[in-house]
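K.L.:
I have a structure I would like to understand better, so I am pasting it below and will then ask my questions one at a time.
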Amino acid sequence: MRHLLSTADLSKDEAVGLLDTAAQMAATQSREIKKLPTLRGRTVVNLFFEDSTRTRISFETAAKRLSADVINFSAKGSSVSKGESLKDTALTLHAMGADAVVVRHWASGAPYQLAHAGWLDAAVLNAGDGTHMHPTQALLDAYTMRRHLAGRAGGLAAPADDGVGADLAGLRIAIVGDVLHSRVARANVALLHTLGAEVTLVAPPTLVPVGVEAWPCRTSYDLDATLADWRPDAVMMLRVQRERMSGGAGAFFPSPLEYTRYYGLDARRLAQLADHAIVMHPGPMNRGLEISAEAADSDKAVIVEQVANGIAVRMAALYLLMAGDRSAEGNDL
Ligand code: CP
């Protein structure tokens, strides 16, 4: 692997390898000294053209735990606001000796452009591009499912104590809400399919993308029926992305109250879930819209754990992209 741009590019072996490496990274994080020397002398640039809390901070933490030098670049307050192009920004990062660039961009495809235009000689990690992809989010979601659910579905190998060694075959995952604008949904559908899980997307018709029939998943407009009849092992609630809704949210659903009534996860729906089922959300949450406070703070919710797992997953991604070629130099964990 040279870059991490899309979960659709990952083979099953590559995806499982990333999750296994993340488990190894997580094990190192319970040591008294959390910092590893693995990427000493390497430079990671966090290049964020869109707002972020979780992804930016956890990539920074991951890179620092691997001893890389980290440069944080936010489009706000940079020469991008004076009209500098992506190409000239990339050439500047190249001149500064970036070994890896973590990029979040409002334009779908911007990380591909950075990886393949020849402006940079660095590994490119997609930290979310437009409505297209968010591969490390899907990997941390799969890692979290594996920790909680591996061994639950029929045909799964029994997991080791830490869940390592089992894939997600046969698990049922419901992804609910604003699928249309969600790079998290696209990244998860591709990765979960590769790992053998079954996915049902649940959304109002106005928030289902054109062409969804070609995706490797089922689609439903009925959340209650999906919970009652399909019995998912995990329910992943998606944020209603009002900032991407041209014409405002009113162009997609009649009112927040109606959206919540039909597609929100509340205490009543929470009570319908199987005992072992987990509730996920990539964050940031619209509490009271797609998820109630009772659901977000319930024992079934693994939302804070998803954030914590993001550090180990991003350490794994940086390690495999940046140190994989130096394994002969003794980069043992
Ligand atoms: N899940 C996620 O991408 O969150 P941030 O926008 O805070 O990075």
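Taken together, the values in this text are just the output of simple stated rules run on the coordinates, not laboratory data. The structure presented is a predicted model; accordingly, all values stated were derived computationally and were not measured. Please note: Cβ atoms are built from the backbone with ideal geometry, for glycine as well, and neighbour counts cover all protein chains shown.
K.L.:
How many times 2.2 N^0.38 Å is the alpha carbon radius of gyration of the chain?
P.N.:
Taking N as the residue count of the chain, the ratio is 0.99.
K.L.:
Over region 127-268, one equal point on each Cα, no solvent: what is log10 I(q)/I(0) by the Debye formula at q = 0.14, 0.15, 0.16, 0.18 Å⁻¹?
P.N.:
-0.66, -0.75, -0.84, -1.04
K.L.:
Where both residues lie in region 79-226, what percent of DSSP beta bridges are antiparallel, nearest 5?
P.N.:
5
K.L.:
Please work out how much length the chain gains when fully extended from H94 to A107, using 0.36 nm per residue of separation minus the C-alpha to C-alpha distance, in nm with one decimal.
P.N.:
Computed gain between H94 and A107 is 2.6 nm.
K.L.:
Over region 135-306, what is the mean sequence separation of C-alpha contacts under 8 Å (at least six apart), divided by residue count, expressed as relative contact order in percent?
P.N.:
Reported relative contact order: 21 percent.
K.L.:
Expressed as a rounded percentage, what relative contact order does region 250-321 have, with Cα pairs under 8 Å and six or more residues apart?
P.N.:
Taking the mean separation of contacting Cα pairs over the length of region 250-321, I get 32 percent.
K.L.:
Using the Cβ atoms and a cut-off under 11 Å, what net charge is assigned to the surroundings of I291, where Lys and Arg are +1 and Asp and Glu are -1?
P.N.:
-1
K.L.:
What does the charge count around L191 come to, taking other residues whose C-beta lies under 14 Å from its C-beta (Lys +1, Arg +1, Asp -1, Glu -1)?
P.N.:
It works out to a net charge of -2.
K.L.:
Taking the Cβ-Cβ separation of R244 and D275 as r and a Förster radius of 41 Å, what is the calculated FRET efficiency to the nearest 0.05?
P.N.:
The pair R244/D275 has a calculated efficiency of 0.70.
K.L.:
Only Cα pairs under 8 Å and at least 6 apart count here; give the relative contact order of the chain as a rounded whole percent.
P.N.:
21
K.L.:
Moving on to the next point. In what sequence, highest mean first, do 223-229, 124-130, 86-92 appear when ranked by Cβ atoms within 10 angstrom?
P.N.:
Result, highest mean Cβ count within 10 Å first: 124-130, 86-92, 223-229.
K.L.:
Follow-up question, since we're still on this one. Suppose we keep just the DSSP beta bridges with both residues in the chain; what percent of those would be antiparallel, to 5?
P.N.:
5
K.L.:
Helix-only estimate, please: 222 nm mean residue ellipticity of the chain, summing -39500 (n - 2.57) across DSSP H runs of length 4 or more and dividing by its residues, to the nearest 500.
P.N.:
That calculation yields -10000 deg cm²/dmol at 222 nm.
K.L.:
Next question, about the same structure. What does the C-alpha gyration tensor say about the overall shape of region 195-333? Classify as rounded when a/c is under 1.5, otherwise prolate if a/b is larger than b/c, or oblate.
P.N.:
prolate
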